[in-house]
Amino acid sequence: KPCPLCDEAKEVLEPYKRRIILQEVDITLPENSAWNDKYKYDIPVFHLNGKFLMKHRVDIQRFEDQLRKLELQSD
C-alpha cells in the first residue's frame, strides 16, 4: 500500500461484482509469502476460477471473454 494499479483494477471490475466474487489477496502478509515470491514485481495479478488470467492492468476484453466461457460451461 498504496497501490494505484490495484485501486484502478478494483474500479474497473466493480460492475462485475454481481457475476464474480472478487477476492483481494495482500501478498505482503506472511501467510501469502508464496504469492509475494511469485508476483512481487507484477501486481496486480488476476486469476479467474483459480487460473492465471492477466497482470498489471485489466484487459477488459480478455476478462469478458474468459468470464463468458466460464458462464457458458456452468449452464
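The values are calculated or read from the model by the stated rules, or taken from the named source; none is laboratory data. Treat the numbers as computed from the prediction; the structure is a model and nothing was measured. Neighbour counts run over all protein chains shown; Cβ positions are idealised from the backbone, glycine included. We work out accessible area using only protein heavy atoms, side chains counted, and drop any ligands, DNA or RNA first. Shrake-Rupley method; radii C 1.70, N 1.55, O 1.52, S 1.80 Å.
Residue-by-condition table, conditions (1) over 10 Å from the mean Cα position of the chain (by Cα); (2) not hydrophobic (A, V, I, L, M, F, W, C):
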| position | (1), (2) |
| --- | --- |
| 2 | yes, yes |
| 7 | yes, yes |
| 14 | yes, yes |
| 18 | yes, yes |
| 33 | yes, yes |
| 37 | yes, yes |
| 42 | yes, yes |
| 56 | no, yes |
| 70 | yes, no |
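Here region 35-62 is the region considered, the condition is being open to solvent by less than 100 Å² (accessible area, probe 1.4 Å) and among the acidic types (Asp, Glu), and the residue that is nearest to residue 73 (Cα to Cα) is 59.
Only residues that are farther than 15 Å from residue 49 by Cα and in contact with a strand residue (DSSP E or B) (Cβ under 9 Å, 6 or more places away or on another chain) were counted across region 19-39, and they come to 4. Among the residues making up region 1-34, a single one is under 14 Å from residue 67 (Cβ atoms), in contact (Cβ under 8 Å) with a residue 12 or more places away in the chain and open to solvent by 80 Å² or more (accessible area, probe 1.4 Å): 19. Does residue 42 meet the test of being in contact with a strand residue (DSSP E or B) (Cβ under 6 Å, 6 or more places away or on another chain) and within 24 Å of residue 4 (Cβ to Cβ)? It is true that residue 42 is in contact with a strand residue (DSSP E or B) (Cβ under 6 Å, 6 or more places away or on another chain) and within 24 Å of residue 4 (Cβ to Cβ).
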